[in-house]
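Heads up, the thing below is written out as structure tokens.
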Amino acid sequence: MDTLPAELHAYICQFACEDDGATIRVLSSVSKYLNQVTKPYLFRNVSAIGIPQIVALLERLDSTPSTMRHVEHLFLSDAPFKGSSSTPNLPPTRLTDHEIRGLNRLIALSAPSLKNFSFIATSPFSSTSLIARIFRTSFPFLVKLTISGFYPFPSTPGHFPLLKDLHLDGNRNPHGLFQMSMLEDACPSLQNLKITGLGAAGSFVVELEEALSGGKLWDENTDYMVPIHLPSQLRQITLQAGPVPVVSGSRDNAATKDHFLMKRLQSLKTISSSGREYSACVSVLERSVMPSSLDEFRLEWKARWF
């Protein structure tokens, strides 16, 4: 080992970054020399699940010089795993202001170098504001993004200039996503869009059909016909309905809305497979039986490294 130059040792250490960071952290504790060699790679792939891990990671990043704070792959969840199960513990009833500021600070520190980011927000009281903050943050090198929670829509121009893959989960009816070219303004390089957890989203599917055809849609808020179109680089759209809704009584119209959603999805699937020319290819997955789990999101996150 003593005969090899430090540059080659550093190159070898890069291959220890193929997990969520555990291997490179062990290497850094072997000796003072390896501690110095591994420093630029300590935060390359980082996973923090639950508020205690997020706070600990923030403290480490805050105390690390910016030249050594090079985060490329980041997975964050505000709720921890429940033992070995893929179902998370129930999140705190409400994240404290201090915890929310810590999450926002952690994302801001990581954003300049991130290439692959997954953010799972399970707290119903803070998910929308946290995700909105992400969509207002600039990610100059981000290529792949997964968002899970009750998300608003990305709309700030130029904040995701290189983003190619976007997975949105948790908004049962994201009606309005394709209006006013908001998505294209925020993500001009977007090529693959995956939307899961849909429910009672018939109006969203109708909007998508109009966007695929380059048409217009009536906006109830303005009483005008507004243009509906997809990002110009978008090539693949993947849709998946969430679990079957629980019907609480004969007056509950959830079943009716769900039936309409599935009918529109089936219609879209049939038209897409018929060879009709659309601006993007549409795939409709079988509806999920259970809500998406942390395990699924982590596997997707890891699969994006290469």
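FYI, it's all coordinate maths here, none of it is from the lab. Bear in mind that the values here come from a model prediction, so they are computed numbers and not experimental data. Note that we place each Cβ from the backbone using ideal geometry, even for glycine, and neighbour counts take in every protein chain shown.
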- Note on the structure: Once Lys and Arg are counted +1 and Asp and Glu -1 for all other residues with Cβ under 12 Å from that of R133, the total becomes +3
- Task: Could you go through the stretch 145-162 in sequence order and give the Karplus-derived ³J(HN,Hα) for each residue, using 6.51 cos²θ - 1.76 cosθ + 1.60 with θ = phi - 60°, rounded to whole Hz, and x for Gly and Pro?
- Result: 9, 10, 10, 10, x, 7, 8, x, 9, x, 8, 6, x, x, 7, 10, x, 10
- Note on the structure: The ³J(HN,Hα) series, computed from each phi in the stretch 186-192 with the Karplus coefficients 6.51, -1.76 and 1.60 at θ = phi - 60°, rounded to the nearest Hz and given as x for glycine or proline, is 7, 10, x, 9, 4, 10, 10
- Cβ under 11 Å from L261's Cβ, L261 left aside: what net charge do those residues give with Lys, Arg +1 and Asp, Glu -1? +4
- Computed over the stretch 94-219, Cα set: Rg, Dmax in Å: 14.7, 46
- Query: Using a simple spin-label model with points 7 Å from Cα along the Cα→Cβ vector, what separation in nm is obtained for T96 and V55?
  - Reply: 0.6 nm
- Using the structure shown, select from K115/K194; K39/K115; K144/K269; K115/K302 the pairs with a Cα to Cα distance greater than 22 angstrom. K144/K269
- Message: What does the charge count around Q240 come to, taking other residues whose C-beta lies under 15 Å from its C-beta (Lys +1, Arg +1, Asp -1, Glu -1)?
- Response: 0
